[in-house]
Structure formats: C-alpha cells, structure tokens
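Student: Got a structure for you, questions after.
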Ligand code: ADP
C-alpha cells in the first residue's frame, strides 16, 4: 500500500501537499491524492477527519492554506493564487462536477430547467441542444417521466438522481460526490448508488466521500482512509478491507462488522 499518489501518470485532478487551516485548527495536514482517468476513488474515515474539506478543496470551493490543486498538469488552486492560477481555475471549474449531500436543486425550476440552465449559461449551448442532452441524461438516471416536475414533488432519491444528471450535463471530466446518500432513507439510497455504479463502470472519473462501505468495497477502484487530516491508507478495496495495515483503519472498520 502506498500513501502518496501525487504523481500518478494520467491524473485528471490532484491534491499536492494540501494543507487547510480554519483559524488555529489544521483540518488537512499535507494531503497528496491523484485521481487517475477513469478511476473511482472513495474517501472514508471518521467524522471530522477532513474528508469533505479535501473534496471541497479539490472542487475549488475552498482554497488550500498551503500546497496546491492541479488539473491536467496546471495549478488551479493554491494560497494567494497568481492571475495565471485564477485564470486556469476559471477555465476548469465547469469541468469539475459536484453532487452535494442536500441535492441543491433550484426549487423554482422544473427538473428539465435545472439540467439545461448551466449548459446554456456557462457553456453557451443552445436551448434545443441542451434539452436533447438533458432528456438523454434523464433517461440514464431513470427520471425521464419527471422532466416537468418541480423538485419539491420528488423523493430525495429522485432529487439526487436529477442532481447527478445536472452535473453530467456540463460534460465534466470528473465528478465529485459529497456523501450523496447520507440524507436519504435506506430504501432510496440504492437507486442513487446504482446510478453511481453505472457511471463508475462506464469510466467516469469520480471522487466520492461516503459512509457506504458496500459501495466502496464493490465499486471503487481505490479507497482512501483519512484520519485527523491525513491520508492514513490508500489502496484497492480488496487490500484495504481485507488487510488494513494501520490500527486506526482496523478500529474504524470494526464498527461495521
Ligand atoms: P469530515 O468530512 O471528515 O466529517 P470535515 O472536512 O467536514 O470532516 O471537517 C473537518 C474539520 O474541519 C471539523 O473539525 C470541522 O468542524 C472543521 N471545519 C470544516 N469546515 C469548516 C469551516 N468552514 N470553518 C471552520 N471549521 C471547519
């Protein structure tokens, strides 16, 4: 098992020595994580270990206090960014898709409206083209019948599937998920996990913060275990779940037995 994966050959997105402090509290303490093309990586670990903060740094929603985030070789985020870094960030931001725990759909727009908005506004896609793409994506997530519904009329699982379709509509190079099933009742989780599994099998590059050990074990190509702001283990699901090497990971996994 290797704990430093910053120099993976074909990485789409990478954190390099990322430190994040909130006031005096160091939440990320020098994290290296490279996400290879077509890989799906799950971040697991105890509450408060820095998983969401790492994801948000990689999504360019938080700036690191030190270290940097690199997308396809270009620095796109660092403390006190130069104008080149800001420019690079603006360029790549639409290529990084994000799915949140609370779905975050726009309540005043229909399902279709939610999906076509960003491609039209940000990518300059025509309405007709955006609608064709949205209909294809709604089919993919099994939501085509709800095209004209408003989010409030949908279950949490349905809203999350629409949120995934909305992220895909921007044709992202990578999709980041922040505990996408944590707000859902158990019976609704499965439908969301099934969509995510299909995406992973199709080769979408994904980073998923999750407490779904079954998903991490069966679907992820890599599992990252974090504790106290650091990556403590990083390996294949088989290696991590069957042969964790640290006491901290063993203790964490014992809770799920
Ligand atoms: P995890 O996702 O593993 O539960 P988080 O990344 O959400 O962990 O949080 C790690 C630590 O950082 C926690 O102690 C949390 O309180 C703190 N933290 C997260 N975001 C902020 C913030 N915006 N301001 C201050 N502290 C924060």
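Since every read-out is calculated from the coordinates, none of them should be taken as a lab result. Here the structure is a predicted model, which means the values were calculated and not measured. Methodologically, a virtual Cβ is constructed for each residue, glycine included, from the backbone with ideal geometry; neighbour enumeration extends over all protein chains shown.
Student: If you take every DSSP beta bridge fully contained in segment 172-242, what fraction is antiparallel? Give it as a percent rounded to 5.
Tutor: Given both bridge residues lie in segment 172-242, the antiparallel proportion sits at roughly 55 percent.
Student: Divide by every residue of the chain the summed helix terms, -39500 (n - 2.57) for each DSSP H run of at least 4, and state the resulting mean residue ellipticity at 222 nm, rounded to the nearest 500 deg cm²/dmol.
Tutor: After summing the helix terms and dividing by residue count, I get -11000 deg cm²/dmol.
Student: Report the antiparallel proportion of the DSSP beta bridges in the chain as a percent, rounded to a multiple of 5.
Tutor: Expressed as a percentage, antiparallel bridges in the chain total about 60.
Student: I would also like to ask the following. Using the alpha carbons of segment 123-257, what is the convex hull volume per residue in cubic angstrom, as a whole number?
Tutor: Hull volume over Cα atoms, normalised by residue count, gives 131 Å³.
Student: If you average the alpha carbon positions of segment 158-172 and of segment 184-257, how far apart do those two centres end up, in angstrom?
Tutor: 21 Å
Student: Let me ask something additional. Modelled label-to-label distance, residue 129 and residue 102, 7 Å Cα→beta-carbon offset: nm?
Tutor: For residue 129 paired with residue 102, the spin-label model returns 3.4 nm.
Student: Using Cα atoms only, what is the angle between the long axis of helix 186-201 and the major principal axis of the chain, expressed in degrees (0 to 90) to the nearest 10?
Tutor: The helix 186-201 is inclined about 80 degrees to the chain.
Student: Which residue fluctuates most in the GNM of the chain (Cα springs below 10 Å): 27, 18, 208?
Tutor: Of 27, 18, 208, the most mobile in the Gaussian network model is 27.
Student: With axes computed from alpha carbons, what is the tilt in degrees of helix 127-140 against the longest principal axis of the chain, rounded to the nearest 10 within 0 to 90?
Tutor: Once rounded, one gets 60 degrees.
Student: Between 214, 30, 235, where does the largest GNM mean-square fluctuation fall for the chain, given springs only between Cα atoms within less than 10 Å?
Tutor: 214
Student: Take the alpha carbon gyration tensor of the chain, find the square roots of its eigenvalues, order them as a ≥ b ≥ c, and report rounded if a/c is under 1.5; if not, report prolate when a/b exceeds b/c, else oblate.
Tutor: oblate
Student: Shifting gears a bit: Give me the percent relative contact order of the chain, please, defined on Cα pairs under 8 angstrom at least 6 residues apart.
Tutor: Computed value for the chain: 26 percent relative contact order.
Student: Name the residue, out of 139, 78, 102, whose mean-square fluctuation peaks in a Gaussian network model built on the chain with Cα pairs under 10 Å.
Tutor: Residue with maximal mean-square fluctuation among 139, 78, 102: 139.
Student: For residue 121 and residue 245, what is the calculated FRET efficiency with R₀ set at 51 Å and r taken between the beta-carbons, to the nearest 0.05?
Tutor: Between residue 121 and residue 245 the formula returns 0.60.
Student: Using 0.36 nm per residue of separation minus the Cα-Cα distance, give me the extension gain between residue 87 and residue 171 in nm, one decimal.
Tutor: Between residue 87 and residue 171, full extension yields an extra 28.2 nm.
Student: Using the basic label-point model (7 angstrom from Cα toward the beta carbon), what is the residue 211 to residue 236 distance in nanometres?
Tutor: Label at residue 211, label at residue 236, 2.9 nm between them.
Student: Just want to confirm a number: the relative contact order over segment 116-178, from Cα pairs under 8 angstrom separated by 6+ residues, in percent.
Tutor: Answer for segment 116-178 is 38 percent.
Student: Extending each Cα 7 Å along its Cβ direction at residue 21 and residue 136, get the distance between those two points in nm, one decimal.
Tutor: For residue 21 paired with residue 136, the spin-label model returns 4.8 nm.
Student: If you fit an axis through the alpha-carbon atoms of helix 83-92 and take the longest principal axis of the Cα set of the chain, what angle between them do you get, 0 to 90°, nearest 10?
Tutor: Its long axis makes an angle of about 60 degrees.
Student: Could you please rank 222, 108, placing first whichever residue has the fewest other Cβ atoms within 10 Å of its Cβ?
Tutor: Result, fewest neighbours first: 108, 222.
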